[in-house]
Each structure stands twice: as C-alpha cells, then as structure tokens.
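Data first, discussion second: the structure below is written as structure tokens.
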Amino acid sequence: MNTATPAVEPPVGGTVALIASILPSLGPGERRVAEECVRAPQEVALLSVGDLAARTATSSATVVRACQTLGFKGFQHLRLLLLRDAGAAHAAAAEHAAGPAPAHRVAALFARAADELRDAPGSLDLEAFERAADAIAHAPRVLVVGNGGSAPAAQMVALRLLVSGRSCEAPVDAVTQQLTGTLLSPADVCLAVSDSGMNAVTLHAVDSAVAAGATVVGVTGYARSRLGRAATHTLVVGASYGSWETGSVTGNLAQILLLSALQIAVSERTAASADAGRRARDAVLGLVADDDEDGPAEL
C-alpha cells in the first residue's frame, strides 16, 4: 500500500501539480496554505512565512507544517522551487510572445492546454511508473477498470494494450468488474483508472483485487485518495482541483497521455507479443478495407 509523499523534487514547472495532487487530503489550515500556492504561486514565492500565514489566516507553524506535509523540507524549499518554476514560466511566456497570438478561441484553448500539460507530470513518481509497467507486462492476467468520467480512458488503454499484443480484460459492467477482481491471483494485475480516486464502483473492483492478493496499479489525480492509498503502484497526474474556476481542461487529457505512455512502456517489455499485435492491427485494417469495398457493414 502506497501512502508516502514523493521524496524527490518535482521537475521544473511541476511544483504546483504536485501540491494540487495532495491538497484535498490536508486539514483546513494546511489546505488554505496549499490553495494559495496553487492559486498564486509566483506571489507566494516572494512572501515570508509570516506573510503567507497572514494571507491564509493561519500561523507560521501551520505554513511550515503544510510545506512538510506536502513533501518539502520547509517553506524556504518550497519558495526556491516556486521561484525556479516562475523563471521557467517567464521564459516560456517570452517565447510565446515572440510569435503571433492564436486568432481563434479553439487555437487559444489548445495553446493553453499545451502549456498546462507540460507541467502535469510534476506529481508523477517515475519509479512507480516503471514498476507498474513491469507488473503489467509480466502478469498472466490484467484487469482494467474505470467508471464515470474515467471510463473512456480505461477503455482506450485496454484497446491499446490489446492491439499491441498484451491481452487484458476491461468489462464495462460494475458487477462483472468486481467479480473478475475476486478471480485474480497474486500474480495478476488490476489497472484501475479514477481521476478523483474515489469512484465507489471502481473501488469495489479494486477492493476485490486487493483481497485476492493481486497487484493494483492506480491511475488518479490525487495521491492520497482511496485509490492512491489502496494501490500497490500509484501513478498521479492531472489533478484538476479548482478546474471549474480556472477553466483548466487538462485533467482527462493528462490521464490519457499517461495511460498511453504506460501502454508504450508495457509494449517495450513484451517484444514476444509484437507478432500478435501486428496480427490484431492487420485484422482491424482488413475489416476497414472490407467495409470500403463492399459498402457499410450491416449491424
């Protein structure tokens, strides 16, 4: 079970993503400190401990404790990381300013999403990612579960795994998910996808897999969610805390990109399945070709 805050420093631009992934698990005072860091990171980087305490109606001790709970050595460590990220953001903004601004809202949305996605892996434990890829690649049986808003991403990665030659099961029915979880063995893997980490239907299947002794790979936006605590390997990316207020649209996109990267990593470890993957792709292309030649397929 994974409960520890990542000990490594986030990559450049990833400090806010790391804070957002842990924020919901904090107590009220520490949460206000974290919320301010997410809301105005460049301003927080220029504050003292006392200034941040006053701004968040907490105490200096609460600010320091919040920083340590988030995995930083203290407030000065956090400030240095925020200053580092602010410098990188300023350089990126200057580069963007040199080019023409997007002329349409669609282009502007894509540009903003690209900027946000660049920083999204800041909450990801890369060592856990590699261990998860190893487990999925070598498991006799892989169960993929995801429900609600995470269901499309779960079905997408299941299809990609199948087409690349890694057999897996991805039932869409909640009862079937849970029953399949109970039938896993300790050598098997349950890949569970839940942005919130709190989807009750997904967690029922996860609990069944845990009880069966299987390895659980959890893909979520929040490190200390129920899924994050239950998973053997927790992959955290795409925390969307406050997304309704900020207009962020990248939570699910980051999740899909992470799952795609995971599928590629698994494929690299299963070279023996390459022929099966090619046969699957050829079969799909053959069906498409048949439809083109003979007209629409009958339902």
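The values are calculated or read from the model by the stated rules, or taken from the named source; none is laboratory data. Computed from a predicted model, the values in this text were never measured in an experiment. Cβ placement follows ideal geometry from the backbone for every residue including glycine, while neighbour counts extend to all protein chains displayed. All accessible areas refer to the heavy atoms of the entire protein, side chains included, with ligands and DNA or RNA removed. Shrake-Rupley method; radii C 1.70, N 1.55, O 1.52, S 1.80 Å.
Can you give me the C-alpha center-to-center distance between segment 132-168 and segment 220-235, rounded to a whole angstrom?
17 Å
Out of the total accessible area of segment 142-238 (probe 1.4 Å, heavy atoms of protein only), what percent is carbon and sulfur?
Exposed carbon and sulfur together represent 64 percent of the surface.
Mind checking the dipole of segment 118-258: about its Cα centre, +1 per Lys or Arg Cβ, -1 per Asp or Glu Cβ, Debye to the nearest 20?
Its charge dipole is roughly 60 debye.
Run the numbers for ALA57 and ASP173: contour at 0.36 nm per residue of separation, minus the present Cα-Cα distance, in nm.
37.1 nm
How much FRET efficiency would the formula 1/(1 + (r/R0)^6) give for VAL106 and LYS73, where r is the Cβ-Cβ distance and R0 is 41 Å, rounded to 0.05?
0.45
Residues with amide H under 5 Å of ASP125's amide H, sequence separation 5 or more or different chain, H placed in the peptide plane at 1.01 Å from N; which?
Hits under the 5 Å cutoff: VAL236.
Taking every pair of alpha-carbon atoms in segment 81-220, what share in percent sits in each 5 Å bin, from 0 to the bin with the longest distance?
Percent of Cα pairs in each bin: 2, 9, 15, 17, 15, 10, 8, 9, 8, 5, 2, 0.
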